[in-house]
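> Dropping a structure here in C-alpha coordinates format, bear with me for questions.
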Amino acid sequence: FALFYCTISIPVAWLADRTNRVKVLSIACALWSAATVACGMASTYPQLVLARMAVGVGEAGGVPPSYAIITDYFAPGRRGTALGLFNLGPPLG
(Lines give C-alpha, C1' and ligand atoms only; values in the text may rest on other atoms or scores of the structure.)
Protein backbone atom coordinates (compact mmCIF):
# COMPACT_ATOMS: atom_id res chain seq x y z
CA PHE A 1 0.00 0.00 0.00
CA ALA A 2 2.61 2.53 1.07
CA LEU A 3 4.87 1.73 -1.88
CA PHE A 4 2.09 2.29 -4.40
CA TYR A 5 0.84 5.37 -2.56
CA CYS A 6 4.26 7.04 -2.58
CA THR A 7 5.14 6.00 -6.11
CA ILE A 8 1.87 6.95 -7.79
CA SER A 9 1.28 10.28 -6.03
CA ILE A 10 4.06 12.07 -7.94
CA PRO A 11 2.79 11.28 -11.47
CA VAL A 12 -0.79 11.99 -10.36
CA ALA A 13 0.27 15.39 -9.04
CA TRP A 14 2.02 16.09 -12.35
CA LEU A 15 -1.13 15.07 -14.22
CA ALA A 16 -3.33 17.22 -11.99
CA ASP A 17 -1.13 20.25 -12.70
CA ARG A 18 -1.41 19.80 -16.45
CA THR A 19 -4.99 18.60 -16.96
CA ASN A 20 -8.42 19.08 -15.41
CA ARG A 21 -7.95 18.63 -11.67
CA VAL A 22 -11.58 17.86 -10.99
CA LYS A 23 -11.57 15.01 -13.54
CA VAL A 24 -8.37 13.56 -12.07
CA LEU A 25 -9.89 13.73 -8.58
CA SER A 26 -13.15 12.15 -9.81
CA ILE A 27 -11.35 9.24 -11.45
CA ALA A 28 -9.21 8.71 -8.35
CA CYS A 29 -12.30 8.76 -6.12
CA ALA A 30 -14.05 6.21 -8.34
CA LEU A 31 -10.99 3.94 -8.32
CA TRP A 32 -10.57 4.34 -4.57
CA SER A 33 -14.22 3.44 -3.99
CA ALA A 34 -14.14 0.43 -6.31
CA ALA A 35 -10.93 -0.82 -4.73
CA THR A 36 -12.44 -0.48 -1.26
CA VAL A 37 -15.38 -2.61 -2.38
CA ALA A 38 -12.92 -5.12 -3.85
CA CYS A 39 -11.16 -5.33 -0.46
CA GLY A 40 -14.45 -6.23 1.19
CA MET A 41 -15.22 -8.85 -1.44
CA ALA A 42 -11.76 -10.46 -1.49
CA SER A 43 -11.89 -14.14 -0.64
CA THR A 44 -8.17 -14.93 -0.85
CA TYR A 45 -5.06 -13.18 0.38
CA PRO A 46 -3.70 -12.40 -3.14
CA GLN A 47 -7.03 -10.78 -4.04
CA LEU A 48 -6.83 -8.65 -0.91
CA VAL A 49 -3.26 -7.64 -1.68
CA LEU A 50 -4.18 -6.53 -5.20
CA ALA A 51 -7.26 -4.68 -3.99
CA ARG A 52 -5.23 -2.97 -1.26
CA MET A 53 -2.65 -1.85 -3.85
CA ALA A 54 -5.49 -0.39 -5.90
CA VAL A 55 -6.68 1.47 -2.79
CA GLY A 56 -3.20 2.99 -2.57
CA VAL A 57 -3.35 4.14 -6.18
CA GLY A 58 -6.81 5.65 -5.73
CA GLU A 59 -5.88 7.36 -2.48
CA ALA A 60 -2.69 8.73 -4.00
CA GLY A 61 -4.82 10.34 -6.68
CA GLY A 62 -6.96 12.10 -4.09
CA VAL A 63 -4.60 14.36 -2.18
CA PRO A 64 -2.52 16.16 -4.86
CA PRO A 65 -5.50 17.33 -6.94
CA SER A 66 -7.37 18.30 -3.77
CA TYR A 67 -4.50 20.53 -2.64
CA ALA A 68 -4.33 22.08 -6.11
CA ILE A 69 -8.08 22.76 -6.17
CA ILE A 70 -7.91 24.36 -2.72
CA THR A 71 -5.09 26.65 -3.85
CA ASP A 72 -7.17 27.59 -6.91
CA TYR A 73 -10.19 28.64 -4.84
CA PHE A 74 -8.62 30.29 -1.80
CA ALA A 75 -6.51 33.43 -1.59
CA PRO A 76 -2.98 33.01 -0.20
CA GLY A 77 -3.99 34.50 3.15
CA ARG A 78 -6.79 31.95 3.62
CA ARG A 79 -5.09 28.84 2.25
CA GLY A 80 -3.63 27.79 5.58
CA THR A 81 -7.09 27.63 7.14
CA ALA A 82 -8.56 25.84 4.13
CA LEU A 83 -5.76 23.25 4.03
CA GLY A 84 -5.97 22.81 7.80
CA LEU A 85 -9.70 22.10 7.61
CA PHE A 86 -9.16 19.73 4.69
CA ASN A 87 -6.51 17.83 6.65
CA LEU A 88 -8.84 17.50 9.64
CA GLY A 89 -11.07 15.19 7.59
CA PRO A 90 -9.19 11.91 8.14
CA PRO A 91 -8.78 12.21 11.92
CA LEU A 92 -12.36 13.35 12.39
CA GLY A 93 -13.74 10.76 9.95
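The values are calculated or read from the model by the stated rules, or taken from the named source; none is laboratory data. None of the values given here were measured: they were computed from a predicted structure. Backbone-built Cβ (ideal geometry, glycine too); neighbour counts: all protein chains shown. We work out accessible area using only protein heavy atoms, side chains counted, and drop any ligands, DNA or RNA first. Shrake-Rupley method; radii C 1.70, N 1.55, O 1.52, S 1.80 Å.
> If you roll a 1.4 Å probe over the heavy atoms of the protein chains, what accessible area per residue do you get for the chain, in Å²?
Here the residues of the chain average 66 Å² of exposed surface.
> Hey, got the dipole for the chain? About the Cα centre, +1 on K and R Cβ, -1 on D and E Cβ, debye to the nearest 20?
My answer is approximately 140 debye.
> When you have a sec, figure out the Kirkwood radius of the chain from all distinct Cα pair distances and drop it here in Å to one decimal? Can you show the working numbers first?
Details: mean 1/r = 0.0711 Å⁻¹.
Hydrodynamic radius (Kirkwood, Cα pairs) of the chain is 14.1 Å.
> Given the options THR36, GLY56, VAL22, identify the residue whose Cα lies farthest towards the positive end of the charge dipole of the chain (+1 on Cβ of Lys, Arg; -1 on Cβ of Asp, Glu).
VAL22
> Also, quick follow-up: Considering only protein heavy atoms and a probe of 1.4 Å, how much of the accessible area of the chain is carbon and sulfur, as a whole percent?
71
> Just to verify a number: FRET efficiency for LYS23 and ARG52, C-beta to C-beta distance, R0 = 25 Å, to 0.05?
The formula returns an efficiency of 0.50 here.
> With contacts defined as alpha carbon pairs under 8 Å and 6 or more residues apart, what's the relative contact order of the chain in percent?
Numbers: 92 pairs, mean separation 33.8, N = 93.
Relative CO of the chain lands at 36 percent.
> With θ set to phi - 60°, apply the Karplus curve 6.51 cos²θ - 1.76 cosθ + 1.60 along region 63-74 and write out the HN-Hα couplings as whole Hz, x wherever there is a Gly or Pro.
6, x, x, 5, 4, 5, 5, 4, 5, 6, 8, 10
> Moving on. Can you tell me the order of 26-39, 68-81 when each peptide is scored by its average per-residue count of other Cβ atoms within 10 angstrom, highest first?
Those peptides, ordered most packed to least, come out 26-39, 68-81.
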